[in-house]
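The values are calculated or read from the model by the stated rules, or taken from the named source; none is laboratory data. Quantities reported herein were computed from a predicted structural model and do not represent experimental measurements. Methodologically, a virtual Cβ is constructed for each residue, glycine included, from the backbone with ideal geometry; neighbour enumeration extends over all protein chains shown. Note: areas computed on protein heavy atoms with side chains; ligands, DNA, RNA excluded. Shrake-Rupley method; radii C 1.70, N 1.55, O 1.52, S 1.80 Å.
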Amino acid sequence: MRLADFDFPFDPSLIAAHPAMPRDQARLLVVGRISGVLSHHRMADLPGLLRGGDLVVANDTKVLAARVAGRVADTGRVLDILFVRDLGKGLWEVFLKGRLRSGQVLEINNDVRLVIVERSRDRTTVRMEEGAGTVADVMRTVGMMPLPPYIKRSPAAEDREWYQTIFARSEGAIAAPTAGLHFTPELLAGLRKCGIDLTTVTLHVGPGTFRPVTSDRIEAHRMGAEFVEVSEQAARMIQDTKAQGGRIVAIGTTVTRALESAAAVTGQVQPFRGPTSLFINPGYVFRAVDVLLTNFHLPRTTLLMLVSAFAGLERLREAYRIAVEERYRFYSYGDAMLIH
């Protein structure tokens, strides 16, 4: 397929700068994969839209306060530093913009200094100078939540709560698994009351999810690796649910990729721990996921391609057309779509 197949008309005024409050009052567009029927709801309606015996699977990754303001020591230029991945032995992969070179020093708060160890087109590695503490200390004291660039405001103190799901416990993500942002304790209680169980898996959202698709033929795109963990307990609950005729409800594209990675070899979800580079696009045969809850995604992204694979490209185009017409809120802090 061609990259241009994943464009859609869009009104930038629909981009949500803040989440719905309460979270479960976000709007929910429900799409029938087979019937094509669309209906309008709220996230709080989810228990009545699923079936008793279904299993909801959420991502328990926790977003790091990975965005830090700094400056280049020898020029004074101010820049944003985004800590991406702990490489071990005091080294971190970071995102930096602008002309920089190996050996340059970056200052944070006049107390912490980072040295650029490697600077290339694909990767920048830094090392914290000895005696300056740890990157975890920096994130805790001066770190900000790494809001996506389409949210045209600086991160606020409230984003430390807003940009974190209620499932978050395993630190390692640089972006939220945004479909999970809609859940509240009340919504979880409603699911349990309807006989719908819950389990979690981990996919640490990293650069691989957001790496731009630059090839005209999307099949030529290669995803960057991201860490996944599907526990024995989660795999057993998924297998038992399937055996009893229940459906697996993936909360977001990250859960979908985690479960499909864990099912890639045998066709059945097995315990899995390690990296995945699975790229799901139209033509993919889903082995694990039966129902998908997801936010609205940017054009030409791997996220949109995954959802197109699940819903069907033409059906998804129609759903997005209706969502724009009905003024649904888009992207990370926006509304959601349930595809069943």
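Quick look at the numbers
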| quantity | calculated |
| --- | --- |
| Nearby aspartates and glutamates by direct alpha-carbon distance to Lys242 (threshold 19 angstrom, same-chain neighbours under 8 apart not counted) | Asp54, Asp197, Glu232, Glu260, Asp290 |
| Helix-only CD estimate at 222 nm, as mean residue ellipticity for the chain, using -39500 (n - 2.57) per DSSP H run (n ≥ 4) | -6000 deg cm²/dmol |
| Net charge contributed by nearby residues that have their C-beta within less than 15 Å of Gln104 (K/R +1, D/E -1) | +4 |
| DSSP bridge pairs, region 225-340: antiparallel proportion in percent, nearest 5 | 75 |
| Choice from Asp86, Asp24, Asp54 with maximal GNM fluctuation in the chain (Cα, 10 Å cutoff) | Asp86 |
| Debye, to nearest 20: dipole size of the chain, +1 on Lys, Arg Cβ, -1 on Asp, Glu Cβ | 460 |
| Label assignment, Rg and Dmax of the Cα atoms in Å derived from the structure, set (i) 26.3, 90; (ii) 20.6, 70; (iii) 20.4, 64 | (iii) |
| DSSP beta bridge pairing in the chain, given as percent antiparallel to the nearest 5 | 70 |
| Accessible area expressed per residue, the chain, with surrounding protein chains retained (probe 1.4 Å, Å²) | 46 |
| Segment Ile34-Arg192, length gained on full extension (0.36 nm per residue, minus Cα span) | 54.2 nm |
| Net charge, Ile166 excluded, C-beta distance under 13 Å - Lys, Arg +1, Asp, Glu -1 | -1 |
| Rounded percent of accessible protein surface that carbon and sulfur make up, region 102-199, 1.4 Å probe | 47 |
| Region 202-244 and region 7-47: distance between their alpha carbon centers, rounded to Å | 23 |
| Normalised contact order of region 227-285, rounded percent, pairs of Cα under 8 Å and 6 or more residues apart | 49 |
| Computed E for Tyr150/Lys89 - FRET, C-beta separation, R0 30 angstrom, nearest 0.05 | 0.30 |
| Total formal charge among the other residues, if their Cβ is under 11 angstrom from that of Ala17, Lys/Arg +1 and Asp/Glu -1 | +2 |
